[in-house]
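The values are calculated or read from the model by the stated rules, or taken from the named source; none is laboratory data. Quick caveat: nothing in here was measured; it's all calculated off a predicted structure. Glycine gets a Cβ as well: all are built from the backbone with ideal geometry, and neighbour counts include every protein chain shown. What goes into the accessible areas is simple: the full protein's heavy atoms, side chains included, and nothing from ligands, DNA or RNA. Shrake-Rupley method; radii C 1.70, N 1.55, O 1.52, S 1.80 Å.
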Amino acid sequence: MSNKSLNSRASFSGKLGYVLATAGSAVGLGNIWRFPYLAAKYGGGIFLLVYVILAITFGYSLMTSETALGRKSKKSPVGAFHHFSSSKSASFGGWINAIIPMIICPYYCVIGGWVLRYLAGYVAGGVDRLAGKNYFSNFIGNAASVEGWFLVFSICTLAVILFGVQNGVERASKIMMPVLIILAIIIAIYSMTRPGAAAGVKYLLVPDFSRFSWMTVVSAMGQMFYSLSIAMGILYTYGSYMKKDVSIEKSTFEVECFDTLVAVLAGLMIIPAVFAFSGADAAKNLQTGPSLMFVTMPKIFQSMGIGTVIGIAFFLLVFFAALTSSVSLAESCVSTVQDECHISRKKSTFIVGALMLLLGSLSSFGFNILSGVRIFGMDFLDFFDFLSNSIMMPIAAIATCVLVLRTVTLDSVAEEVTSCGEKFHNRKVYNFVMKYLAIAFLGIILISSVLNVLGVIHM
Ligand code: TRP
């Protein structure tokens, strides 16, 4: 969206415009980088199953609520909560939704920097070097290098916002996104047909109930928030740009399906390759965590013979997917600061930039100079990821549920959903989830995350 449209609250051209914009913000590093490593770590098929169940119940209900509240109030989260209720707790609810992107955006840019580093590596023709055994750990162990690439990515993000070229980026990503998907399909097919890869396909697609743990649910829930951009105010803002005659239900469903498909596709690229390329070490390598994509993909590319071309194409497309998401995250921070502090867009971009520099540098240095510093046993990047996804997002989601139940009422959400002239097909599911399940379940997730981190329980 351009700056002008953000200020004058223009609207998306129609359903397609809304779905494309929302899917563009939803599909990003969450699908390509985060989903595969979590699925690998937390049980494969069982993680996927839990994820899908959560997405069609909770994810669906929360997305519908946020979009409807945004469209009803025509405001972003802080304003929307205020619009419906002037109580202190409502203003807390608005703020926590608005602060989450400020925690996520800096470390998102750190990962974006890793993507750029690999892109540059392939451009320089380093197919074999990038696939080397310790390439990734040497890279993140080098403070200047990680920080440098983080800065380059952050500057790209802020430049897009400052020079108001979102439109250009969005237009480009409309072309890039389909290309990314086609390339991902090709790579996934290649990866699945390597000798030994079938075990990986089975691992991701067939649920093995013996691998189920409470941590599977907690991490799948966090991933669902992250990947669908729920519980951080984004959908309020997008809802507020949505025209009345667009079906909230249908577009929410389309965004969810698309987002999940991209995640599964990324999983099919990466997880079978882990089995094919690491043989006996497969079980250990599935536990790799955030570096999984960066360690596995170069091995696939090296074995392809045309690794330079594919490597450049892949990381360029991931870079674009990441940039559209980081711009939309940063945009949400900038507009909140701008509106709430009553300052110019430029000033608020600089404030957000300074905050990103501070928090992002902590994440970058957490792997090298500051590697001795552990917060509840986590490095900074992991900590920010945990804080936002497992602690703050459940609180933000509870705030939305309370607002819907106490103040707005389920009927009035239904009214908003049906204002397009269509029936609210899943109204029963929606009401049931909101009334009986959401708050209790979110509360349990929140409490168990906290107890786990404090070492009271082990999940
Ligand atoms: N959903 C995005 C992804 O999968 C990440 C993200 C989280 C995001 N919150 C956002 C993107 C807000 C844009 C706006 O990578």
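Would you check if residue 275 is modelled with pLDDT under 95, more than 17 Å from the chain's Cα centre (by Cα) and open to solvent by less than 10 Å² (accessible area, probe 1.4 Å)? Walk me through it before giving the result.
Values: modelled with pLDDT under 95: yes; more than 17 Å from the chain's Cα centre (by Cα): yes; open to solvent by less than 10 Å² (accessible area, probe 1.4 Å): no.
No.
Could you list, in sequence order, the residues of region 193-228 that are open to solvent by 10 Å² or more (accessible area, probe 1.4 Å) and among the hydroxyl-bearing types (Ser, Thr, Tyr)?
Once the filter is applied, which keeps residues that are open to solvent by 10 Å² or more (accessible area, probe 1.4 Å) and among the hydroxyl-bearing types (Ser, Thr, Tyr), region 193-228 yields 193, 203, 210, 213, 219, 226.
Do you know which residues across region 230-265 are modelled with pLDDT of 90 or more, open to solvent by 10 Å² or more (accessible area, probe 1.4 Å) and within 10 Å of the ligand (Cβ to nearest atom)?
262
List the residue pairs whose Cβ atoms are under 6 Å apart, where the first residue sits in region 250-272 and is over 10 Å from residue 27 (Cβ atoms), the second is part of a helix (DSSP H, G or I) and open to solvent by 50 Å² or more (accessible area, probe 1.4 Å), and the two are 6 or more positions apart or on different chains.
Close Cβ pairs (under 6 Å, with a partner that is part of a helix (DSSP H, G or I) and open to solvent by 50 Å² or more (accessible area, probe 1.4 Å)) amount to 251/15; 272/192.
Tell me yes or no: at least one residue of region 426-444 is touching an Asp or Glu at 6+ places or on another chain (Cβ under 8 Å) and open to solvent by 20 Å² or more (accessible area, probe 1.4 Å).
yes
Each row is one residue, and each column tells you yes or no for (1) more than 30 Å from residue 246 (Cβ to Cβ); (2) open to solvent by 40 Å² or more (accessible area, probe 1.4 Å); (3) of a type in the set (Val, Ile, Thr); (4) not in a helix (DSSP H, G or I).
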| position | (1), (2), (3), (4) |
| --- | --- |
| 40 | yes, no, no, no |
| 52 | no, yes, yes, no |
| 60 | no, no, no, no |
| 68 | no, no, no, no |
| 81 | no, no, no, no |
| 89 | yes, yes, no, no |
| 110 | yes, no, yes, no |
| 128 | yes, yes, no, no |
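Out of all the residues in region 286-309, which are in contact (Cβ under 8 Å) with a residue 24 or more places away in the chain, open to solvent by 50 Å² or more (accessible area, probe 1.4 Å) and part of a loop (DSSP other than H, G, I, E, B)?
287, 288, listed by residue number.
Can you tell me which condition residue 103 does not meet? The list is (1) away from the ligand (no atom under 14 Å from the Cβ); (2) open to solvent by 10 Å² or more (accessible area, probe 1.4 Å); (3) in contact (Cβ under 8 Å) with a residue 40 or more places away in the chain; (4) not acidic (Asp, Glu), and all the others hold.
Looking at each condition in turn, residue 103 falls short on (1).
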